[in-house]
Amino acid sequence: MLNYGMVIDLKKYKLIMSDLDNTLLPIYTQERFVEIWFRDISEKFSAYGLDPVRAAGAVNQGVRAMLYNESGRKNIEVFYEEVEKISGYTREQIEPPTMDYYTSTFGNVYDITLPNPYAVRIAELMKEKAVYAVVATMPVFMKEAVHMRMGWVGLTPEMFDHITTADTSSYCKPNPLYFQEILDRFGVKPEEALMIGNDVREDMQPCKTLGVDVFLVTDHIITHDLPYDEFRQGKYEDLVEFLEAL
């Protein structure tokens with residue numbers, strides 16, 4: 001007999017994840033993003049008395065080390081270890097200008113982003129339609145840089161239960177272990193989760209491997225010349241309609 005005094009969770013998903021760059025936050029061009037990043041972080045190292053080419057080059061290699069991290073350690077630890085090895089500078093020398101950059105002139109990247117009038121509504125629906133809502137962005141940035149980028153489309157950290165950053169993640173996309181780490185954090189099975197993203201290789205394929213449901217946002221789709229017809233997909237307005245119907 002049904003006990004009407006019980007609270008029954010009828011939500012289809014326990015966890016809804018969404019990518020940030022080119023999903024919630026449209027970016028005009030990734031190439032220009034990298035150009036601005038390298039220019040501005042080099043200037044910041046120079047202001048702190050470090051060789052800008054040497055330091056910025058090491059940071060670039062540190063980011064690469066995070067992308068291929070499978071050590072089980074947090075990405076941020078792998079990052080600074082690689083930077084120290086490549087540059088010869090200590091973490092104590094590299095960290096202050098790096099953090100200064102990500103809390104100040106990193107904001108110059110805003111100039112190459114585009115507005116997204118759907119971002120806040122999508123975030124609201126993620127929280128409304130699931131138990132947990134997560135920003136599942138490539139975790140190669142410190143939380144300050146991720147929070148700043150979220151703010152450009154009206155999002156705040158308080159709207160989500162978790163945000164992947166270099167400080168919180170031990171893997172990167174497209175490694176399925178990146179998504180598994182999020183599932184494990186909340187004790188959620190793959191079939192109880194949904195991933196929203198724009199990248200076929202980094203978002204869709206690893207989730208398919210795990211058995212996580214997906215929605216491919218096509219407004220700023222990145223295919224890497226891979227097939228994608230098999231994935232549930234649509235534009236921002238289609239995503240909102242899909243989430244509202246859950």
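Largest mean-square fluctuation among Pro190, Pro157, Pro227, in a Gaussian network model of the chain whose springs join Cα atoms under 10 Å apart, belongs to Pro227.
Averaging Cα coordinates gives a centre for segment 16-91 and one for segment 179-207; these two points are 24 Å apart. Computed over the Cα atoms of segment 31-110, pair by distinct pair, the Kirkwood hydrodynamic radius stands at 12.7 angstrom. I'd like the FRET efficiency for Lys11 and Glu92, computed as 1/(1 + (r/R0)^6) with the beta carbon distance as r and R0 of 41 Å, rounded to 0.05. Here the calculated transfer efficiency is 0.30.
Once the chain from Glu31 to Leu210 is taken as fully extended at 0.36 nm per residue, the excess over their C-alpha distance is 61.4 nm. Between the helical axis of 119-129 and the dominant principal axis of the chain, each derived from Cα atoms, what acute angle in degrees is found, rounded to the nearest 10? Roughly 50 degrees between the two axes. In terms of the mean number of neighbouring beta-carbon atoms within 10 Å, the peptides 130-140, 41-51 order highest first as 130-140, 41-51.
I'm a student and want to see the number: the projected area of the Cα convex hull of segment 51-204, averaged over all directions, in nm².
It is 9.7 nm².
Computed about its Cα centre, the charge dipole of the chain is approximately 280 debye, with only Lys, Arg, Asp and Glu carrying charge at their Cβ.
Across the chain, the relative contact order, built from alpha-carbon pairs under 8 Å that are at least six residues apart, equals 25 percent.
Set the Förster distance to 41 Å, then compute FRET efficiency between Gln61 and Thr218 from the Cβ-Cβ distance, nearest 0.05.
Rounded to the nearest 0.05, the efficiency is 0.75.
Report summary: the helix-based calculation at 222 nm, which adds -39500 (n - 2.57) for every DSSP H run with n ≥ 4 and divides by the residues of the chain, gives -13000 deg cm²/dmol.
Near Asp199, once Lys and Arg are set to +1 and Asp and Glu to -1 for all other residues with Cβ below 14 Å from its Cβ, the sum equals -3.
Straight-distance candidates among the aspartates and glutamates for linking to Lys208, with alpha-carbon spacing under 16 Å and chain neighbours fewer than 8 residues away dropped: Asp19, Glu181, Glu191, Glu192, Asp199, Asp229, Glu230. Binning the alpha carbon pair distances of segment 1-142 at 10 angstrom intervals from zero yields the distribution 10, 30, 28, 18, 8, 4, 2, 0, expressed in whole percent. Distance between the 7 Å Cα→Cβ label points at Glu244 and Val120: 1.7 nm.
Tally Lys and Arg at +1 and Asp and Glu at -1 over the other residues with C-beta under 10 Å from the C-beta of Leu25: what net charge comes out? It would help to have the intermediate numbers written out before the result.
Details: positive: Arg149; negative: Asp19, Asp21.
Residues close to Leu25 contribute a combined charge of -1.
Sorting the segments 95-108, 74-87 by their mean number of nearby beta carbons within 10 angstrom, highest to lowest, gives 74-87, 95-108.
Candidates Leu243, Tyr80, Tyr28 compared by Cα position along the dipole of the chain: farthest toward the positive end lies Tyr80, with charges placed on Cβ.
Placing +1 on each Lys and Arg Cβ and -1 on each Asp and Glu Cβ, with no other charges, gives segment 31-110 a dipole about its Cα centre of roughly 80 debye.
No lab work stands behind these numbers, since they all come straight from the coordinates. Nothing here was measured: the structure is a model prediction, and the numbers come from that model. Note that we place each Cβ from the backbone using ideal geometry, even for glycine, and neighbour counts take in every protein chain shown.
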